[in-house]
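Below you'll find the structure, written out as structure tokens, and then a few comments.
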Amino acid sequence: MKTLFHESLRFFSGMYIVILLEFMLLSSSTMQISSFTLFLFALCVTLTYPLLYLLPTAFCSSLIILIIAFIRKKFGYAEKWNQWLIYFFWVFLSGGIIFLLFVDHRLYSMFKFHINSFVINLVLTPGGIESMGDSKTDAYVVFLLFIVCILIAAGVLCLSNWTLRLFPLLPALEGKIYIVALLVLISLGFLERVEFAYYRYQNNPCLIGNSQKVFLYQPTSMAHIFRPMNLKAGARINKIRVGSKNSILAYPLKPIKLKQPLGKKYNIVWLVAESWRADTLNKEIMPATTAFSEKAVYFHNHYSAGNGTRMALCGMFYGLYGNYWDTLLVNEIPPVIMRVLKEENYQFDMFTSAKFTYPEFDKTVFSNIPQKKLHQSAGVGGFINDRKNVSSIISFIKHRDPNRPFMTFMFFESPHAPYTFPKECIVKKNYLHTFNYSTVDVAANIGKIKNRYLNSVHHLDTQLERIFKFLDEEKLLKNTIVVVTGDHGEEFMEKGHWGHNESFHEEQVRPPLLIYVPGMPHRDIYYMSSHLDLPATIGRLIGITNPPFDYSLGYDLFGKIRREYTVISSWARICYVDNRFKYQTSSTQNILDPDVITLVNDSTPTEEQRKKVNMANVFDMLKNTVRFYKKENR
């Protein structure tokens, strides 16, 4: 047992060095060290966090040793198997830590976020992995990487055993070295805790920015200590705590009333494309949709309700901010407009080229629609599924009961990474031909990646054209509302990032919006609009007479009220946007998420400009985050 103890000390010392080198190369290298404060923080974090990453492995290994010792004492078996079993756990768990850190760095370097609740949800929710595209190459590379990490850990074990046998007297000296090293690391850890707490109290953006680059960084707050010392605190707004997912919603606030008699009922065709950004709606990339926009009302200053699909659809169908999603999901509450359509005996057929389980539309947006009416992909591939589903939509409309109104929904997937399209849809020839997440160098190939995206958007245009043409030929445009939009946008390093779900940059949150209403002439609208406005707009068209704020946080786009600002949500943040500024703040009380003010074009404002943010509207936004929760749950 004594020998095993020395072996474990030597092994975990070696693993500490390996993880320290990995951390220095992958994470610490991106930190700012332009001042002594930032340098000291980076130094303390670099030396202490590799030890923290190893603690779970060391704890689990110690527990396993005790369990094996108990079993051996109780039942008895060969001691050599005991030792090899412990070695296995050391290598497997430590190799897993190396692998996890590398994957997290890869994720952060591509998308600027760590392994978090969004990533875990992506992996665990049915349909999540499929939404990223089906790449066997990625799976092989990830498996190979995991094996390499295991081999590195095995190499450290062999090296530690070799040095123990070569220098049998060294453990006596090592004991003192370990004690001194541990005391030094504990001191550095305490210093880092105090430093972070103090500069967080002052709301120092640079130091907080460094902490955000550390995987699983654990923040510390000592405001209760600093406040009595009359130390200057940084300015922060007082956030309103949102309800938990188990809270009770008061949605809608009042019973829904319909216009009586309702009169003619419109059909509804609701078309949503994944990652479709506004500036691609032009004659070169999307000639058919551009032509259709000349028949519809075209909203040129449109914002999504989120930088990811969940939050975007929460705004699009409920008219609510993204922080309501979890409560809607747990309670399986359908949107008001979907309840009304079902009560009015609409025929439904809903399609997605992804999965209705990811995001969880089957338990939220379409929770009151029978499962047999929710048609999802079989994992064939983005553009192939889009084509097949468009054919199914046309078939559904052809074979519907003509005496009842219908609604159909389609979620197009081809513009989602890895951006799929057939050869006949190539409009940008200089594109990245092979795309997989594990090997692609995003920064070096971003121009070609964007061209690949533009080709996929051109394919989207061909499928939208099929629907527009069919509706026109069948003379259905005389009594059918057509909504055409994207869930959110997509960034291609214009402001330092790729993809979506990471920031509130214009490229990530600006999809197009076209609404065709029978008898309504074409208009180009330049006042601000939002996904949040769609329920109020469609609600009025289907006969809802309640004021929009009874069941949403949006406005009727064809009414008289114009919005002064809009709101965009992410998994953990919420962003106020008006015609001049963006004000971002945490929606989860996370002290690692500082308030951030930018100009609406995402550039940094001057100190004088920052003072002109309309804080009354920001507080109004925060109040709306709890507007539809019952008072006892706020």
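Counting only helices (runs of 4 or more DSSP H) that sit wholly inside the range 307-347, those with at least 3 residues that are under 30 Å from PRO402 (Cα atoms) and touching a residue at least 24 places away in the same chain (Cβ under 8 Å) are 336-343.
Taken together, the residues in the range 331-353 that are among the hydrophobic types (A, V, I, L, M, F, W, C) and under 18 Å from ALA312 (Cα atoms) amount to 6. Restricting attention to the range 93-115, the residues that are surrounded by 16 or more Cβ atoms within 10 Å (Cβ to Cβ) and either more than 12 Å from GLU502 (Cα to Cα) or over 19 Å from the mean Cα position of the chain (by Cα) (or both) total 14. Just one residue in the set GLN212, GLN218 is assigned by TED's automatic domain parsing to the domain that holds GLY96, closer than 25 Å to ILE17 by Cα and either at pLDDT below 80 or among the small types (Gly, Ala, Ser) (or both); that residue is GLN212.
Condition test on LYS355, is it surrounded by fewer than 18 Cβ atoms within 10 Å (Cβ to Cβ) and in contact with a Ser or Thr (Cβ under 9 Å, 6 or more places away or on another chain)?
On the way: surrounded by fewer than 18 Cβ atoms within 10 Å (Cβ to Cβ): no; in contact with a Ser or Thr (Cβ under 9 Å, 6 or more places away or on another chain): yes.
No, not satisfied.
Restricting attention to the range 526-547, the residues that are within 23 Å of VAL509 (Cβ to Cβ) and of a type in the set (A, V, I, L, M, F, W, C) add up to 5.
Would you be able to say whether some residue in the range 608-618 is more than 26 Å from SER293 (Cα to Cα), of a type outside the set (A, V, I, L, M, F, W, C), part of a strand (DSSP E or B) and out of contact with any Phe, Trp or Tyr (no Cβ under 9 Å at 6 or more places or on another chain)? So far as the range 608-618 goes, no, none of its residues is more than 26 Å from SER293 (Cα to Cα), of a type outside the set (A, V, I, L, M, F, W, C), part of a strand (DSSP E or B) and out of contact with any Phe, Trp or Tyr (no Cβ under 9 Å at 6 or more places or on another chain).
Out of everything in the range 403-419 that is closer than 18 Å to ILE446 by Cβ and crowded, with 24+ Cβ neighbours inside 10 Å, what residue ends up being nearest to the chain's Cα centre (by Cα)?
If we take residues in the range 403-419 being closer than 18 Å to ILE446 by Cβ and crowded, with 24+ Cβ neighbours inside 10 Å, then HIS416 is nearest to the chain's Cα centre (by Cα).
Condition (residue is in contact (Cβ under 8 Å) with a residue 24 or more places away in the chain, under 29 Å from ASN282 (Cα atoms) and in contact with a Lys or Arg (Cβ under 6 Å, 6 or more places away or on another chain)) applied to the range 536-555: is it met by at least one residue? No, the range 536-555 has no match at all.
Residues in the range 380-408 that are assigned to a loop (DSSP other than H, G, I, E, B) and touching a Ser or Thr at 6+ places or on another chain (Cβ under 8 Å): GLY381 only.
If you go through the range 522-574 and keep only what is assigned to a strand (DSSP E or B) and over 27 Å from the mean Cα position of the chain (by Cα), you end up with ARG523, ASP524, ILE525, ILE544. Going through the range 1-28 one residue at a time, which ones are part of a helix (DSSP H, G or I), over 29 Å from the mean Cα position of the chain (by Cα) and either β-branched (Val, Ile, Thr) or at pLDDT below 80 (or both)? The answer is LYS2, THR3, LEU4, PHE5, HIS6, GLU7, SER8, LEU9, ILE17, VAL18. Taking the range 495-521 as the range and being in a loop (DSSP other than H, G, I, E, B) and within 19 Å of the chain's Cα centre (by Cα) as the test, the residues that pass are LYS495, GLY496, HIS497, HIS500, ASN501, GLU502, SER503, PHE504, HIS505, ARG510, PRO511.
Going by what's in this entry, would MET31 be described as among the hydrophobic types (A, V, I, L, M, F, W, C) and either at pLDDT 75 or above or within 31 Å of the chain's Cα centre (by Cα) (or both)? So MET31 passes the test. Of all residues in the range 89-118, those that are assigned by TED's automatic domain parsing to the domain that holds ASN210 and of a type in the set (Ser, Thr, Tyr) have Cβ atoms under 9 Å from Cβ atoms of residues that are in a loop (DSSP other than H, G, I, E, B) and buried (at least 16 other Cβ atoms within 10 Å of the Cβ), 6 or more apart or on another chain, in TYR108/SER27; TYR108/HIS114; TYR108/ILE115; TYR108/LYS213; TYR108/PHE215; SER117/TRP571; SER117/ALA572. From the list SER367, SER377, the one residue that fits, being under 23 Å from TYR251 (Cβ atoms), in the same structural domain as PHE421 (by TED's automatic domain parsing), in a loop (DSSP other than H, G, I, E, B) and small (Gly, Ala, Ser), is SER367. Pairs linking a residue in the range 421-434 that is assigned by TED's automatic domain parsing to the domain that holds GLY382 and touching a residue at least 60 places away in the same chain (Cβ under 8 Å) to a residue that is part of a loop (DSSP other than H, G, I, E, B) and of a type outside the set (A, V, I, L, M, F, W, C), with Cβ atoms under 7 Å and 6 or more positions apart or on different chains, are VAL427/GLU284. Looking for something without any contact (Cβ under 8 Å) to a residue 12 or more places away in the chain and not assigned by TED's automatic domain parsing to the domain that holds THR309 - is there at least one such residue anywhere in the range 561-577? The answer is yes, given that some residue of the range 561-577 is without any contact (Cβ under 8 Å) to a residue 12 or more places away in the chain and not assigned by TED's automatic domain parsing to the domain that holds THR309.
Against the conditions (1) basic (Lys, Arg); (2) outside any loop (DSSP other than H, G, I, E, B); (3) surrounded by 15 or more Cβ atoms within 10 Å (Cβ to Cβ), LYS469 satisfies every one except (3). Only a single criterion out of (1) outside any loop (DSSP other than H, G, I, E, B); (2) in contact with a Ser or Thr (Cβ under 9 Å, 6 or more places away or on another chain); (3) among the hydrophobic types (A, V, I, L, M, F, W, C); (4) under 23 Å from VAL141 (Cβ atoms) is not satisfied by PHE411, namely (4).
The values are calculated or read from the model by the stated rules, or taken from the named source; none is laboratory data. As the structure is a prediction and not an experimental result, all values here were calculated from the model. Every residue, glycine as well, gets a Cβ built from its backbone with ideal geometry; the counts of neighbours run over all protein chains shown.
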